[in-house]
Amino acid sequence: MAEIPRETSGATDEKTVTILHLSDIQFGVNHRFGRLGLGAKDESFDTLLRRVTDDLDVLRKAKVPNPDIVALTGDLAEWGLKKEYDDVLGFCRGLAAHLGHGVERVLVVPGNHDINRNKCLGYFANCAGDDETPKEPWWPKWEPFAQFFDTLYGGKYSFTQEQPWTLYELPDLQTVVAGLNSTMRESHKEQEAPDPKKPNVPESIFGHYGWLGESQLEWFRRQLEAYEAKEWLRIGLVHHNAIRGPVGDDHNLRDVDLLRDRLGELLNALLHGHTHHGRIEWLAGTLPVVSTGSASVVAKERPEEIPNQYQIIQVHRHGLHRWGRQYVPHERKWVGDNRISTKGDKWEDHQRCKHQRCSATFGGRERQASLKLDNGGDDDSGDPYGRARLEPARDDLLAQVIEICKVRDEGGRVEVRRVRNPGP
């Protein structure tokens with residue numbers, strides 16, 4: 001476990017947006033904090049809020065940037081109960097206050113544990129009593145989540161029966177966040193066997209897996225195109241795995257291909273939880289997909305080898321800088337999580353990628369390549385092979401190659417040579 005250095009390598013003079021990413025906090029029966037029985041005044045120490053805010057204070061002294069945004073990527077509650085959401089509400093408000101932000105900077109999306117299956121069952125029963133077909137996506141399952149949502153934001157953002165998802169606009173950061181709802185097909189029901197009378201329907205819509213749907217994705221596509229035109233940073237939040245791994249199907253987002261098609265080129269980064277593992281992967285080779293493990297679920301509900309985790313992600317013009325944290329129960333504190341680095345030797349990691357069309361967020365227009373082409377002459381006025389300034393258009397192949405080289409090695413020098421009459 002790495003100790004915190006005096007300074008981290010994430011400091012930068014450029015404009016950045018920093019995100020505190022927590023997931024699967026699962027207030028309820030499987031929430032790990034508040035179980036030590038410390039008694040009296042010591043009880044206030046054993047809460048997720050206290051443990052995280054104490055750690056944020058330690059990181060601030062180590063010059064890790066203060067988060068601008070908090071992203072909670074689903075499974076806020078255990079069974080979608082009102083009492084559980086009361087605890088979530090206190091956590092969100094306390095975290096925002098500690099960071100010096102309003103609650104509009106604490107952004108949430110639902111996960112599979114945020115579904116109230118009893119309310120969903122009751123809805124199906126009421127429909128059966130009225131001889132009606134339950135209407136997908138079965139809104140009552142989200143009612144406790146929606147009540148928590150409305151109480152938290154007080155009308156600032158919306159999560160409605162007509163559009164059970166959220167667009168978070170943050171004008172002071174010139175950032176927009178797509179709060180995707182991957183629980184559209186979650187219900188109380190298990191997957192049903194295929195109906196032989198309906199051979200064109202390959203699988204049941206029921207079961208426990210991630211699903212967004214074309215209606216939601218098309219809605220977000222239209223919204224994000226407007227922010228792309230304004231050159232704002234565009235972040236996506238979703239609960240289920242966007243990259244399939246060696247796990248059961250209930251962990252995955254089944255219509256990820258449609259997500260990639262509709263939003264893959266509009267988003268600058270996608271954050272998710274559910275997998276109980278912190279890593280960075282790439283969708284279609286260009287979109288960084290960042291996951292984090294559960295911040296506070298008990299050990300029996302997560303992989304044995306993966307501790308409780310959270311991350312801080314700093315987004316800048318040329319990539320992502322991440323700091324990983326893991327909880328050590330016997331020390332009652334968070335420490336650096338070396339799993340975040342490729343070699344497993346550091347609790348911070350930097351990944352280069354070019355965040356396209358974000359100049360409003362990061363300041364100024366994207367710097368165009370400026371190169372001297374020199375064959376020894378001093379006058380470029382009439383000599384196509386003399387000294388010249390190259391200002392390529394965005395779609396020019398040479399410009400793209402130059403830009404990639406600069407991103408890979410900011411201190412490097414790119415030299416372009418033109419050969420006159422090269423011959424056969």
### Summary
Phi angles of segment 124-131, converted by Karplus (6.51 cos²θ - 1.76 cosθ + 1.60, θ = phi - 60°) into ³J(HN,Hα) in whole Hz with x for Gly and Pro, give 4, 5, 5, 5, 4, x, 9, 6
### Query
What shape does segment 242-329 take by its C-alpha gyration tensor, where a ≥ b ≥ c are the square roots of the eigenvalues and a/c under 1.5 counts as rounded, a/b above b/c as prolate, and the rest as oblate?
oblate
### Message
Checking the table K82/K119; K135/K189; K63/K354; K119/K300; K63/K156 against a 23 Å threshold on Cα-Cα, which pairs fail?
### Response
K63/K354; K119/K300; K63/K156
### Under Karplus coefficients 6.51, -1.76 and 1.60, residue-wise ³J(HN,Hα) of segment 264-272 in Hz, glycine/proline x
x, 8, 9, 8, 9, 6, 10, 10, 8
## Note on the structure
Amide H neighbours of K189 at under 5 Å, excluding residues fewer than 5 places away on the same chain, with H built from the backbone geometry, are G207
### Query
Between T183 and residues 5 or more places away or on another chain, which pairs have amide H atoms under 5 Å apart, with H built 1.01 Å from N, and which residues are they?
W211
### Task
Please find the FRET efficiency linking R221 to N66, where r is the Cβ-Cβ separation and R0 is fixed at 41 Å, and quote it to the nearest 0.05.
0.80
### Message
Give me a comma-separated list of calculated 3J(HN,Hα) values for segment 105-120, in order, Karplus coefficients 6.51, -1.76, 1.60 applied at θ = phi - 60°, integers in Hz, x for any Gly or Pro.
### Response
8, 9, 10, 10, 9, x, x, 4, 6, 7, 7, 8, 6, 5, 5, 5
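Rule-based calculations on the coordinates, nothing more; no lab input. Fair warning: this is a prediction, and the values are worked out from it, not measured in the lab. We place every Cβ from the backbone using ideal geometry, glycine too, and count neighbours over all the protein chains shown.
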